[in-house]
Structures are given as C-alpha cells and as structure tokens.
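First the structure, in the form of structure tokens, and then the observations on it.
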C-alpha cells in the first residue's frame, strides 16, 4: 500500500537545546529484501519538548512533517509513545482526546491525524515508523484498529528501552537495517498487541488502586473462561463474596461477571468459526461452552443466527 512512498535514502538529524527541545531521528532506506520480510522499519526518533517550546519540529522530510492546523496523513504506520508530560491527539477515525504519560498513540496509513504536547507540560515522545504486509494483516484482522488508536502500556520501561536501542542504532548507522533492528521494533509491536487483544483493556490497564477486585476477576476470566467457570468460583479464587464481586465488576465494566464470561467465550467461538474448519461441536467445548446446544442458544440470542450460519457468512473474514 505504501511502497511507492517508502523513503529510499537515509536522513539523520540530532539537536540539543536545553531551553527548548532535545531530539534525534533518522529515516532509513528500505531494501526489496526488507519489504519481502513483511515487516520493516522506515524511521525512528525521539523529542524531548520543554514547556512552551514550539512543536512540532520543522526539520523532518516533507512527507513526515506537519503543522497542527493542517495535520498529516502518513504512508505507513507509526507508534508514538508519550513517556512524560501530557498532550492531545485527534484523528478522522477517533476524534479528539487528551493523552497522558504512558500512552501509546497508533498512527495508521492514510488516516488524517495530529497531536502535540500541552504548552504547560511539554512531553517526551519516542516513535518508530514501520511498514509491511504483517501490519496490514493485523489491521485487517482487527488487532490494530484506527478507531482505537490510544493505548495505555503495561511495561513502559521495557518499551522505552527498545525505543532507545533502535534510535541509538539508526542515528549511528542510518544506512543499515539488520534483522536485529526489526526484532526490536517487533518487540514494541508485541507490547502494543498485548494491550489490544481485549480491545485495549487488560488487567494492567485498570488502575490497581481503584479496583483490584475487578482486575483480579478479569485476569481469571481471560485466562480460564475456556474451562468450567462460575461467579462463585471466581469470588473464591480472589477471596471476596459473590455479592462484592458482582458490585465491583458491574461498577467498573458495566457488565455482570456472567455476561463477561459469556462474551469471552463468544469472542473465542466467533474467531474459530471464522478462521478454522474445526467441527462446530469441538469449537463449542474449546470456547468454554458447556455444550453445543448452549453455544447455539447464545448465538441465537446475541447474533440472531446459528453458529453454522455465522460461519457460512464470515468464514475467512476478519472482523
């Protein structure tokens, strides 16, 4: 999709001005071999923006440069991690939202967007530009979604360490892209996927201090909903009464515990129906339903069709 606009020559830039910003970045050449791998890096960098400093910097190539008033459309994916400070983000697919430290902003090819730090705080950002068939496949399968471009990462220091290693290498070797560099970018991508697997909400993204009961319950459900599981079993596992569990869970998620268990099982069944040719009876048990008839009743109630009809209409398609 973006191969026609992939930069074929490297460009490196690094500045330090303690009164305003510290930044370093490099755009990389992409070989046919790298494209053939299905995942490649096209650039990386960081900006340390002081309060009241101008943003964005105007030294990037025209393809990547932007002004807040105009925004920007990229030819590839970018993962922008806000390590410190606060800011704002807006895109055609998502609208406007404030972002805080610990936020990963996902930028998608062909999607208009803009972002910037708040003047009163500034921010420190790290970013990579990446492309390849693998990322488009993840987007087509729903793991990366332009409508969900904002994530809170659980392992921020691990992510920052990978960013720093990538940026250090590309600024010193702007004409090289070894497999080890792609591996570091894949590590960042894996951290992003860990947070998007359950539509951007994992136990780690729920504030531990606010509701540890719900957090523990979600972890139990997501890890064990393919087995026999009840509200009473979860309550006993995390050491609370069923009444306390239900109250905390509904306040946090807007669902009952049983509704969430059923939703996890239904999501698992949908995926297997779409992506495999396994017998439907096997899928029912693998997804965690007590019987095929139980799964059929849930499908009829929620999907208004049978599992067989769902498979016939969706097999081979990603949602």
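Being free of Cβ contacts under 8 Å to residues at least 60 places away in the same chain, outside any loop (DSSP other than H, G, I, E, B) and either surrounded by 15 or more Cβ atoms within 10 Å (Cβ to Cβ) or more than 16 Å from the chain's Cα centre (by Cα) (or both) is the filter here, so list the residues in the stretch 136-163 that pass it.
138, 139, 151, 152, 157, 161, 162
Looking at the stretch 272-292 only, could you name the residues that are assigned to a helix (DSSP H, G or I), within 16 Å of residue 309 (Cα to Cα) and in contact with a helix residue (DSSP H, G or I) (Cβ under 9 Å, 6 or more places away or on another chain)?
Let us first name the residues in the stretch 272-292 that are assigned to a helix (DSSP H, G or I), namely 272-275, 280-287, 292.
Filter once more, so that each one left must be within 16 Å of residue 309 (Cα to Cα): 272-275, 280-281, 283-284, 292.
272, 273, 274, 280, 281, 283, 284, 292 - these are the residues of the stretch 272-292 that are assigned to a helix (DSSP H, G or I), within 16 Å of residue 309 (Cα to Cα) and in contact with a helix residue (DSSP H, G or I) (Cβ under 9 Å, 6 or more places away or on another chain).
For residue 177, work out the one condition from (1) at pLDDT 85 or above; (2) crowded, with 19+ Cβ neighbours inside 10 Å it doesn't fulfil.
(1) is the only condition that residue 177 fails.
Return yes or no: is residue 263 surrounded by 13 or more Cβ atoms within 10 Å (Cβ to Cβ) and modelled with pLDDT under 90?
Answer is yes for this residue.
Take residue 308 and tell me if it is without any contact (Cβ under 8 Å) to a residue 40 or more places away in the chain, over 24 Å from residue 143 (Cα atoms) and not assigned by TED's automatic domain parsing to the domain that holds residue 138.
For residue 308, the condition - without any contact (Cβ under 8 Å) to a residue 40 or more places away in the chain, over 24 Å from residue 143 (Cα atoms) and not assigned by TED's automatic domain parsing to the domain that holds residue 138 - is met.
Looking only at residues in the stretch 261-305 that are under 31 Å from the mean Cα position of the chain (by Cα) and touching a residue at least 60 places away in the same chain (Cβ under 8 Å), which one is farthest from residue 140 (Cα to Cα)?
288
Within the stretch 1-87, which strands (runs of 3 or more DSSP E) (wholly inside it) include 2 or more residues that are modelled with pLDDT under 85 and either under 27 Å from residue 158 (Cα atoms) or not assigned by TED's automatic domain parsing to the domain that holds residue 185 (or both)?
Where strands (runs of 3 or more DSSP E) fall fully within the stretch 1-87 and carry at least 2 residues being modelled with pLDDT under 85 and either under 27 Å from residue 158 (Cα atoms) or not assigned by TED's automatic domain parsing to the domain that holds residue 185 (or both), they are 11-16, 21-27.
Any residue at all in the stretch 168-175 that is within 15 Å of residue 193 (Cβ to Cβ) and in the same structural domain as residue 63 (by TED's automatic domain parsing)?
Checked against the condition, which is being within 15 Å of residue 193 (Cβ to Cβ) and in the same structural domain as residue 63 (by TED's automatic domain parsing), the stretch 168-175 yields no hits at all.
Restricted to the stretch 102-125, and to residues that are at negative phi and in a loop (DSSP other than H, G, I, E, B), which residue is nearest to the chain's Cα centre (by Cα)?
Residue satisfying both the conditions and the ranking: 108.
Please verify whether residue 258 is part of a helix (DSSP H, G or I) and closer than 27 Å to residue 137 by Cβ, treating the condition exactly as stated. Lay out the reasoning, then the answer.
Values: part of a helix (DSSP H, G or I): yes; closer than 27 Å to residue 137 by Cβ: no.
No.
Taking the conditions exactly as written (closer than 21 Å to residue 288 by Cα, buried (at least 16 other Cβ atoms within 10 Å of the Cβ) and assigned by TED's automatic domain parsing to the domain that holds residue 285), does residue 229 satisfy them or not?
Values: closer than 21 Å to residue 288 by Cα: yes; buried (at least 16 other Cβ atoms within 10 Å of the Cβ): yes; assigned by TED's automatic domain parsing to the domain that holds residue 285: yes.
Here the answer is yes, as residue 229 does meet what is asked.
The values are calculated or read from the model by the stated rules, or taken from the named source; none is laboratory data. Nothing here was measured: the structure is a model prediction, and the numbers come from that model. Virtual Cβ from ideal backbone geometry, glycine too; neighbours counted across all protein chains shown.
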